[in-house]
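What follows is a set of notes on a single structure, which appears directly below.
The values are calculated or read from the model by the stated rules, or taken from the named source; none is laboratory data. The shown structure was predicted, so the numbers you read here are calculated from the model rather than taken from an experiment. Every residue, glycine among them, receives a Cβ derived from its backbone with ideal geometry; neighbour counts consider all protein chains shown.
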Amino acid sequence: MTTWRGAVGVPAARVEGPAKVSGRAGYAYDRPVADPAYAFPVQATIARGRVVSIDSAAAAAVEGVLAVVTHRDAARLADTEDAELAVLQSDAVGFRGQFVGVVIAETPQAARHAAGLVRVEYEQRPHDTELRADRPGLYAPEQVNGGFVTDTDEGDVDTALEAAAVSVDRVYTTPMEFNNPMEPHSSVAVWDPGEWDAGGGFAEDARLTLFDSTQGPHVVRSTLARVFGLPPERVRVISPYVGGGFGSKGMPHAHNVLAVVAARAVPGRPVKLALTRQQMFALAGHRTPTIQRVRLGAGEDGRLTAVAHEVVEHTSAIKEFAEQTAVGARMMYAAPNRRTSHRLAVLDVPVPSWMRAPGEAPGFFALEVAMDELAQACGLDPIELRARNDPEVDPESGRPWSGRHLVRCLREGAVRFGWAERTAPGTRLVGRELVGLGVAASTYPYYRFPGSRAVVAYEGGGRYTVRIGAADIGTGAWTALTQIAADALGCPLRAVRVEIGDSDLPAATVAGGSSGTTSWGSAVVAACRAFRHVYGEQPPAGAEAGADMPDDPDVERFAMHSFGAQFAEVRVDADTGEVRVSRMLGVFSVGRVVNPRTARSQFIGGMTMGLSMALHERGVLDHRTGHVINHDFAEYHIATHADVVDVDAVWLDEEDVHTGPLGARGIGEIGIVGAPAAIANAVHNATGVRVRDLPITPDVLLR
Amino acid sequence: MTPFEYLRAEDPAEAVAAVAGRPGAAFLGGGTNLVDHMKLGVAGPDLLVDVSRLPLDRVEETADGLRIGAAVRNSDLAAHPLVRERYPVLARALLSGASGQLRNVATTAGNLLQRTRCPYFQDVTTPCNKRVPGSGCSAIGGYTRYHAILGASEHCVATHPSDMAVAMVALDAVVVVLGPGGARTLPLAELYRLPGDAPERDTVLEHGDLITAVELPHLPFARRSAYRKVRDRASFSFALVSVAAALDLDGGRVRDVRLALGGVAHRPWRAARAEEELRGGPATEDAFRRAAEAELIAARPLPGNAFKVAMTRNAVVATLRALAEEGR
């Protein structure tokens, strides 16, 4: 066992913090490259059909324009199976906003101006972007995101619901949501050598370097190598600093390919591409809207007999993504009869993708509001209802929990938050504000992805370097890995330098699924142990050892999930229906916390995103045009500082002995899960109005 | 962005001459709206005449009230002691608009002349009569949450986005305009147009007309005034509806009142009908409600913004009630 000697568990300041606040941290687009050119995309203005003609003469005539590339002359890609990434390979248009061309110019201004002058004519076909539960053609995908089965059916749900003394049967909806990080998606593509043979093929030794903003440089490398038909070792992706991702930078998107295609069109010139905020609403992924029917059956004592969670959501006509919205209902509560399902509508919409806690975030809005409705129907305190339905073992797998402390989180939170002050719905008027408290449970699975490797090198003078191709997207991974390595090596924090964010470093999995610290950290611990095993405490300068992330046999023996309790206090203006969240508290059980400072930031960041989901975020698809019409930050509302009054997070002091050497389960996503339900439940407590459709805007509470 | 020339004007007359002499020219104030439009392709001036550094950046006390230079920054105006003391409704309206960073740059005249935030107006891939006359109104039948319930037409249902202007309309502000033919003044309420069949024209100004100042007349009872903005989030969002009000009480009766609404029409909406109902009547919640309802008889909501009628009524009642309570 590694002894945690004092670095892990300490609220160490971010090791990259000084570089970030002093402007020395080089984000992708800022990377100085020799003689750069700038790309600006041309986007489809129809949602379905094909391009019939493109007139780029006016664009090409703009001073400083180097090239205008369309499907007619773009480099042919080696692999076009992923239609999202098959950029400029055909005349087909599958969603509005899709790339139909790109202008490359000496300045970003010239490129943007010229892109506006490209005239594209289309043969437009009828499109369909509207999600409805009663529409024909809904289908069951082969599996849902995360590799989960699409449907489950345990016991006899229908009979149990019919026989239930108390039941809830409601439909909940969440809108299209966008995880637009502060730093837009950007790529700088550099071919070396810049020339290629007369036939347009790559030189034998052609190498591609991409400065990128990504959650996984190795994933981008392997994907681009495949798409462009290059051996992976001739592609390098460099991404040390990332200004937020929230899943939207978890896998490569079309802009990565477009930057590389653009660079091929201007031999010898590196090409810089940054999406605008508006473009990100079509090209960087989004969360599908959901329509969720939740049915709960219970005895008069509130003990659940049946849980059914049936979800309808959308995917894009060009690529399937099936959010695993109902998966959480399979394991959350002890009901003998359980049914979950996912049905997809294929629509002419941009490609949905990962957004913070895909599955759990929208799913637990529905499930946890339904639980609040059940508590009300049974006349039970919502915390007591959840305690009565806390399963001894995982209802789905029958395995014991590696550590399920949901009820402790709820009870601890109730004391800290002043839950006892909660009154009957609609009874607490303070001035002109209706005040209410709400609670919801939260969970997120422990994911541990294989495929990471770390290398430790001794530089002499008491200094070590740890290399792993991981990504810090603002989470604090850089700092946490330094702490983990320092303790595993038995040296002070300052003796360790971590290198991440480069595909030339040892392979690492994506920063996703709240898996980074545990997966990469396990590899780092293994590498440090291997290093000490070979070289002992007095290594020679230049000594180096590496290790892969070891397997964890407990993964097959235990059900491993983090849990949490979310509390919210809201104040609803009795005149206008405006909702302000005056207090939020999250109590989490996540195993060991490596860095309390960055962990707290992750928790309250997730809760804030949940607040935003509860009250603000709604992508408005105009079904006539097929695009999101409120596609900027003035119109697509996310919570502002003024909306976030008092958000606090605490956690149980624990370790999960089944999750490898760290005893940690990951913290990046659980903060958002359940937060919207806690707020919706607080709104009900304040007003007596049950809102089942997000976001909760003033008009729905107006009297 | 269309390439353009840039000229920094040395004095107002030069600025007016420069713009008046070139059809594609535009004045540049703080640039918080125009520059966005240039990036989005909504506007493409071939000459920008920068008026932000003209000597129009002072707030002065005059015999008749207060004179606000056109280039006074929104944050400076909101913080001005005389504004805070005599016209709190204006200070509060300013501070409820935009963000701190934008207010530090945005000018008084630029704020008045900012254009609608209708998302279809701002998206050049959709038809819009205000942007391209005759092309159609995409908002009708589309996303209308922030659109007008009063004074709209079949050609345009956009709202004016300013908070400051709503307060100024309530305060009977007058704008001073310098045009190619000389200077003139007009009431702010008459600066703005309803869309009618020419929604491309927000105001009655002609090309080359430059607002040089805004004058606020004395209104002693405006010391008891308030601005209430109802919105989807606590900061940096446009009004769903807003209310600017000043109330003059005589015991339990309304001696005088100023009332204007934002977020409901193509221009800041002076609620004259409601004022008339209120004057001389009791300062009670019922009377406030009846007055608001009288104003809203003319409301013609769209499918996506019917809630604004009740929201406006409630906001008017809440604002007047708070002012009346303050006065007791």
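Here are the numbers for this structure:
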quantity	calculated
Count of residues meeting criterion [more than 14 Å from every other protein chain (Cβ to nearest Cβ) and assigned to a helix (DSSP H, G or I)] in region A:270-307	2
Residue within region A:568-579 that is more than 11 Å from chain B (Cβ to nearest Cβ) and either assigned to a loop (DSSP other than H, G, I, E, B) or within 30 Å of residue A:12 (Cα to Cα) (or both) present	yes
The listed residue being of a type outside the set (Phe, Trp, Tyr), farther than 18 Å from residue A:245 by Cα and in a loop (DSSP other than H, G, I, E, B), out of A:669, A:655	A:655
Selected residue [surrounded by fewer than 18 Cβ atoms within 10 Å (Cβ to Cβ) and touching a residue at least 12 places away in the same chain (Cβ under 8 Å)] from A:64, A:94	A:64
Qualifying residue in region B:88-97 (condition: within 14 Å of residue B:32 (Cα to Cα), assigned to a helix (DSSP H, G or I) and more than 14 Å from every other protein chain (Cβ to nearest Cβ))	no
Every pair of residues 6+ apart whose Cβ atoms lie under 6 Å, when the first sits in region A:267-285 and is more than 19 Å from residue A:74 (Cα to Cα) while the second is modelled with pLDDT under 95	A:280/A:180
Among (1) surrounded by 19 or more Cβ atoms within 10 Å (Cβ to Cβ); (2) modelled with pLDDT under 95, the one test that residue A:334 misses	(1)
Looking only at region B:23-42, and only at residues there that are surrounded by fewer than 17 Cβ atoms within 10 Å (Cβ to Cβ) and more than 20 Å from residue B:108 (Cα to Cα), the one that is modelled with the lowest pLDDT	B:39
Any hit, region A:374-388, residues being in a loop (DSSP other than H, G, I, E, B), in contact with a His (Cβ under 8 Å, 6 or more places away or on another chain), in the same structural domain as residue A:302 (by TED's automatic domain parsing) and at pLDDT 95 or above	no
Output for region A:648-671, where each listed residue is surrounded by 21 or more Cβ atoms within 10 Å (Cβ to Cβ), closer than 30 Å to residue A:175 by Cα and aliphatic (A, V, I, L, M)	A:649, A:667, A:670
Scan of region A:439-482 for residues that are of a type in the set (D, E, K, R) and part of a loop (DSSP other than H, G, I, E, B), ordered by number	A:448, A:472
Among residues of region A:308-335, those that are part of a strand (DSSP E or B) and β-branched (Val, Ile, Thr), counted	3
Single residue of region B:158-203 satisfying the filter (closer than 27 Å to residue B:139 by Cβ and without any contact (Cβ under 8 Å) to a residue 40 or more places away in the chain) that is surrounded by the most Cβ atoms within 10 Å (Cβ to Cβ)	B:201
Test for residue A:642: is it buried (at least 17 other Cβ atoms within 10 Å of the Cβ) and either touching a residue at least 12 places away in the same chain (Cβ under 8 Å) or not polar (S, T, N, Q) (or both)	no
Any hit, region B:225-235, residues being away from chain A (no Cβ under 14 Å) and either under 18 Å from the mean Cα position of the chain (by Cα) or among the β-branched types (Val, Ile, Thr) (or both)	yes
Total residues in region B:291-323, condition at the interface with chain A (Cβ under 10 Å from one of its Cβ atoms), assigned to a loop (DSSP other than H, G, I, E, B) and surrounded by fewer than 21 Cβ atoms within 10 Å (Cβ to Cβ)	2
Single residue of A:82, A:30, A:35, A:55 found to be in contact with a strand residue (DSSP E or B) (Cβ under 8 Å, 6 or more places away or on another chain) and farther than 25 Å from residue B:41 by Cβ	A:82
Candidate set from region B:238-255 (those that are crowded, with 20+ Cβ neighbours inside 10 Å and not in a strand (DSSP E or B)); member that is farthest from the other protein chains (Cβ to nearest Cβ)	B:239
Subset of region A:640-660 that is within 30 Å of residue A:401 (Cβ to Cβ) and of a type in the set (Val, Ile, Thr) - its residue that is farthest from the other protein chains (Cβ to nearest Cβ)	A:657
Number of the exception - residue A:8 against (1) of a type in the set (Val, Ile, Thr); (2) under 25 Å from residue A:94 (Cα atoms); (3) surrounded by 17 or more Cβ atoms within 10 Å (Cβ to Cβ)	(2)
Residue selected from region B:104-139 under the condition more than 10 Å from every other protein chain (Cβ to nearest Cβ) and out of contact with any strand residue (DSSP E or B) (no Cβ under 9 Å at 6 or more places or on another chain), by the criterion surrounded by the fewest Cβ atoms within 10 Å (Cβ to Cβ)	B:134
Test: residue in region A:240-253 that is buried (at least 19 other Cβ atoms within 10 Å of the Cβ), modelled with pLDDT of 95 or more and touching a strand residue (DSSP E or B) at 6+ places or on another chain (Cβ under 6 Å)	no
Scope region B:43-74; condition closer than 28 Å to residue B:122 by Cα, surrounded by fewer than 17 Cβ atoms within 10 Å (Cβ to Cβ) and under 23 Å from the mean Cα position of the chain (by Cα); matching residues	B:50, B:53
Residue among A:267, A:289, A:232 that is surrounded by fewer than 22 Cβ atoms within 10 Å (Cβ to Cβ) and more than 19 Å from residue A:88 (Cα to Cα)	A:232
Qualifying residue in region A:457-469 (condition: within 22 Å of residue A:597 (Cβ to Cβ) and not hydrophobic (A, V, I, L, M, F, W, C))	no
Residues satisfying the stated conditions in region A:618-639, i.e. more than 7 Å from chain B (Cβ to nearest Cβ) and either of a type in the set (A, V, I, L, M) or free of Cβ contacts under 8 Å to residues at least 12 places away in the same chain (or both)	A:621, A:628, A:638
Scan of region A:93-140 for residues that are under 15 Å from residue A:346 (Cβ atoms) and assigned to a strand (DSSP E or B), ordered by number	A:139
Any hit, region A:71-86, residues being part of a strand (DSSP E or B), more than 26 Å from residue A:108 (Cβ to Cβ) and charged (D, E, K, R)	no
Number of positions in region A:415-438 that are touching a residue at least 40 places away in the same chain (Cβ under 8 Å) and not in a loop (DSSP other than H, G, I, E, B)	11
